[in-house]
Amino acid sequence: MSGEYQMRKTIGKCFRSVTDNFNGVVRIYGSPYTYRVINGIPEKGAMLEVVDFSSTELFVTVNNYLFESDVNYIDNP
């Protein structure tokens, strides 16, 4: 499986931020991905949604309208 295919599968996934940093790491489908918040102000516990990616990281936005019950929610311990 190519890396781009794996990255593309993360689009639309959401998870809770564990810090208030603009950069971090999230595990999706068992693989760690670095992410960068490109829209909104991250807070601990804020819902982040993957909207795009580059060859090295995921781009996420703060979207507190999403909930853990969303089908695309990923638990980020």
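General observations
- Among (1) more than 11 Å from the chain's Cα centre (by Cα); (2) modelled with pLDDT under 90; (3) more than 16 Å from ARG8 (Cα to Cα) - the single one SER55 does not satisfy: (3)
- For first residues located in region 22-34 and within 15 Å of ASP52 (Cβ to Cβ), partners that are aromatic (Phe, Trp, Tyr) and lie 6+ apart or on another chain with Cβ distances below 6 Å form the pairs VAL26/PHE15; VAL26/TYR33; VAL26/TYR35.
- Selection from region 60-77 of residues that are within 11 Å of GLY12 (Cα to Cα) and free of Cβ contacts under 8 Å to residues at least 40 places away in the same chain: VAL60, THR61, VAL71
- Selection within region 52-72 - among the aliphatic types (A, V, I, L, M) and either surrounded by 11 or more Cβ atoms within 10 Å (Cβ to Cβ) or under 18 Å from GLY24 (Cβ atoms) (or both): LEU58, VAL60, VAL62, LEU66
- Considering residues of region 9-30 that are surrounded by fewer than 20 Cβ atoms within 10 Å (Cβ to Cβ) and in contact with a Ser or Thr (Cβ under 9 Å, 6 or more places away or on another chain) only, the residue modelled with the highest pLDDT: ASN23
The values are calculated or read from the model by the stated rules, or taken from the named source; none is laboratory data. All values derive from a computational prediction rather than experimental measurement. No Cβ is skipped: glycine too gets one built from the backbone with ideal geometry, and neighbour counts run over all protein chains shown.
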